1. Kindly indicate whether H137 is out of contact with any His (no Cβ under 6 Å at 6 or more places or on another chain) and assigned to a loop (DSSP other than H, G, I, E, B).
2. Search the stretch 102-146 for residues being aromatic (F, W, Y) and touching a helix residue (DSSP H, G or I) at 6+ places or on another chain (Cβ under 9 Å), and hand back the single one that is surrounded by the fewest Cβ atoms within 10 Å (Cβ to Cβ).
3. Looking at (1) at pLDDT 95 or above; (2) out of contact with any Phe, Trp or Tyr (no Cβ under 8 Å at 6 or more places or on another chain); (3) in a helix (DSSP H, G or I); (4) under 18 Å from Y57 (Cβ atoms), find the lone condition where Q98 falls short.
4. Assigned to a loop (DSSP other than H, G, I, E, B) and either surrounded by fewer than 12 Cβ atoms within 10 Å (Cβ to Cβ) or within 14 Å of the chain's Cα centre (by Cα) (or both), is that true of S80?
5. Select from the stretch 109-134 the residues that are modelled with pLDDT of 95 or more and among the charged types (D, E, K, R) and write down the one among them that is farthest from D2 (Cα to Cα).
6. W54: touching a Lys or Arg at 6+ places or on another chain (Cβ under 7 Å), at pLDDT 95 or above and either hydrophobic (A, V, I, L, M, F, W, C) or under 20 Å from Q145 (Cβ atoms) (or both), yes or no?
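The values are calculated or read from the model by the stated rules, or taken from the named source; none is laboratory data. Because the structure is predicted, anything quoted here is derived from the model rather than measured. Glycine also receives a Cβ, built like all others from the backbone with ideal geometry; neighbour counts cover every protein chain displayed.
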Amino acid sequence: MDRIIARYRKIWTGKTWYGKNISETLEAITTSKRTKRIRDSYNIVELVLHMLAWRRYVIAIVLTGVHQEVPDQENFPKISDYSDEYWQGLLEDFAESQKELLAIWQDFELDLAAASPKSGYTWGDIFNGIINHDVYHLGQINFLQKYADAIDS
């Protein structure tokens with residue numbers, strides 16, 4: 001469990017071998033960048049909401065012991081508010097999910113090899129999966145930022 005906690009802290013604020021961590025990445029996103037798309041891709045706001053939905057899934061599965069699919073409207077919700085206030089609230093919710101996950105992982109004694117409520121997956125699969133999920137989408141967000149920089153210059 002200590003290794004998972006250390007990895008999750010590192011991707012949030014630590015030095016990562018693949019580039020900027022989540023905090024550095026999200027802090028650098030300007031208003032114009034967060035709504036850019038490549039054709040029909042998701043934009044940065046949608047990706048952060050998607051990441052948050054899956055973080056909340058992990059929090060819920062640990063706290064309740066029940067697996068429930070993430071509903072489509074939460075997985076990739078339709079967004080109409082791209083204001084700075086909405087973005088700041090989203091960043092606060094995202095940071096809160098980081099604190100909640102770390103607190104859950106520090107307080108609970110879980111056997112990472114034990115079956116989780118999601119059939120076919122261990123707790124280790126779930127916890128490592130959310131780390132991999134965050135890093136995967138972090139790459140997409142950084143790519144979209146570079147794309148936005150290129151088309152804005």
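1. no
2. Step by step, filter the stretch 102-146, then rank; the result is F108.
3. If we test Q98 against (1) at pLDDT 95 or above; (2) out of contact with any Phe, Trp or Tyr (no Cβ under 8 Å at 6 or more places or on another chain); (3) in a helix (DSSP H, G or I); (4) under 18 Å from Y57 (Cβ atoms), just (2) comes out false.
4. Against the criterion (assigned to a loop (DSSP other than H, G, I, E, B) and either surrounded by fewer than 12 Cβ atoms within 10 Å (Cβ to Cβ) or within 14 Å of the chain's Cα centre (by Cα) (or both)), S80 qualifies.
5. K118
6. no
Rundown of residues vs (1) touching an Asp or Glu at 6+ places or on another chain (Cβ under 7 Å); (2) under 14 Å from L63 (Cβ atoms); (3) among the small types (G, A, S), yes/no style:
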{"site": "I104", "(1), (2), (3)": "no, yes, no"}
{"site": "F108", "(1), (2), (3)": "no, yes, no"}
{"site": "S119", "(1), (2), (3)": "no, no, yes"}
{"site": "N128", "(1), (2), (3)": "no, no, no"}
{"site": "H133", "(1), (2), (3)": "no, no, no"}
{"site": "N142", "(1), (2), (3)": "no, no, no"}
{"site": "D149", "(1), (2), (3)": "no, no, no"}
